[in-house]
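The values are calculated or read from the model by the stated rules, or taken from the named source; none is laboratory data. On a predicted model such as this, the values are computed, not experimentally measured, just so you know. Counting neighbours? That spans all protein chains shown, and the Cβs are built from the backbone with ideal geometry, glycine included.
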Amino acid sequence: MELYRLKYFLSVAQQQNFHHAAKTTGISVASLSKAVSGLEDELGVRLFERQGRNIRLTPSGLELRAKAKEIIELEESVRFSVSGGKSRIEAIITGPEVLLAKFGVDFIQPLLKNFNDIQIRYVGKEDKEAMEKVLLGDADLALLTIEPDSRLTSKPLGKVHFVTCASENHTFGKTKGKISITEVLKYSFVVPDQFIYGSVQKQQSPDGWRDDMFPRKKSFLTSSLSTVVSLVHSGKALAYLPDYIAVAEGFKVVDVEGCPYTCTQEIRLVAKAPERLSWLNSLF
């Protein structure tokens, strides 16, 4: 059983589509198809079945995916150990995009410092899907704002507190002291219509605000962080944002009085059995 065939098979299994896998890996569709067919002939089973335009793993394919990942990890570990840590590292990190942009840069510094030949691929996914990708072996690491599965090794990276933000172009940008929640609710907010900052509690809106208790004037809805940031900078809207975004963008944190509710997230780095790979285990 050739290792390259297993790697190609894993690429197709991850994407559930030959064309998408070809774009991701830089391998032609024909080469991927040939590798999968070769494995099927060698094992005497079907690994995929068609589902519309896409494909899905058969029970045999699901079993092989788990075993193939273990084989590839073992091969990487042996190669890394024998080469004295000089072999190439290819890491896949997943999680909400805003977390990848912030924490996904910070925690990898030891890897960049200690290993010269490293390639990191960031894959933006919501918390649950990101955790599932790690459990399935489709990603090495995930950044989560939810409680991780007990099968994963977890490391806390820090806590995030959400704050009400304004720019210097907004009325509140030059206001000193506390501002009552009644006054705050008179102004427009830009609010995400998806969980772009990660997961929050059930009673909270996608940005962590309690609109059920303190309904805002939601003048702007978007799934784009850059749009949120632009609208706040323009002075046209307030936003409830993770504190690290407020700091990065230079926003003023509005000191809101009369609202007892807050949103806090704990950011965790997770991996499945990191002890199998020395470079991965070094992060924990």
- Is it fair to say K159 is out of contact with any Ser or Thr (no Cβ under 8 Å at 6 or more places or on another chain) and either more than 22 Å from A101 (Cβ to Cβ) or in contact (Cβ under 8 Å) with a residue 12 or more places away in the chain (or both)? no
How many residues of the range 176-227 are surrounded by fewer than 16 Cβ atoms within 10 Å (Cβ to Cβ), under 22 Å from Q265 (Cα atoms) and of a type in the set (S, T, Y)? The answer is 3
In the range 8-31, anything at pLDDT below 85, surrounded by fewer than 19 Cβ atoms within 10 Å (Cβ to Cβ) and assigned to a helix (DSSP H, G or I) is listed as K23, T24, T25
Filtering the range 130-167 for residues that are of a type in the set (D, E, K, R) and touching a helix residue (DSSP H, G or I) at 6+ places or on another chain (Cβ under 7 Å) leaves a count of 4
Among the residues of the range 1-59, the number that are touching a residue at least 12 places away in the same chain (Cβ under 8 Å), touching a Leu at 6+ places or on another chain (Cβ under 7 Å), farther than 21 Å from V134 by Cβ and among the hydrophobic types (A, V, I, L, M, F, W, C) is 5
Cβ pairs under 9 Å, 6+ apart or interchain, first in the range 221-235 and in contact (Cβ under 8 Å) with a residue 40 or more places away in the chain, second buried (at least 17 other Cβ atoms within 10 Å of the Cβ) and assigned to a helix (DSSP H, G or I), ordered by first then second residue, are L225/E97; L225/V98; L225/I245
The condition of being of a type outside the set (K, R), in contact with a Phe, Trp or Tyr (Cβ under 8 Å, 6 or more places away or on another chain) and closer than 16 Å to Y4 by Cα holds, among A35, A22, only for A35
Among helices (runs of 4 or more DSSP H) entirely inside the range 97-179, those with 2 or more residues being out of contact with any Lys or Arg (no Cβ under 7 Å at 6 or more places or on another chain) and within 18 Å of L225 (Cα to Cα) are 97-106
Original post:
Quick check: anything in the range 58-72 part of a strand (DSSP E or B) and either modelled with pLDDT under 85 or closer than 20 Å to G137 by Cα (or both)?
Top reply: no
By residue number, the members of the range 228-264 that are surrounded by fewer than 22 Cβ atoms within 10 Å (Cβ to Cβ), of a type in the set (S, T, Y) and part of a strand (DSSP E or B) are T264
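Within the range 75-93, is even one residue modelled with pLDDT of 80 or more and of a type in the set (D, E, K, R)?
Here is the first cut: in the range 75-93, the ones modelled with pLDDT of 80 or more are 89-93.
Next, from what is left, pick out any that are of a type in the set (D, E, K, R): 90.
Among the residues of the range 75-93, at least one is modelled with pLDDT of 80 or more and of a type in the set (D, E, K, R), which makes the answer yes.
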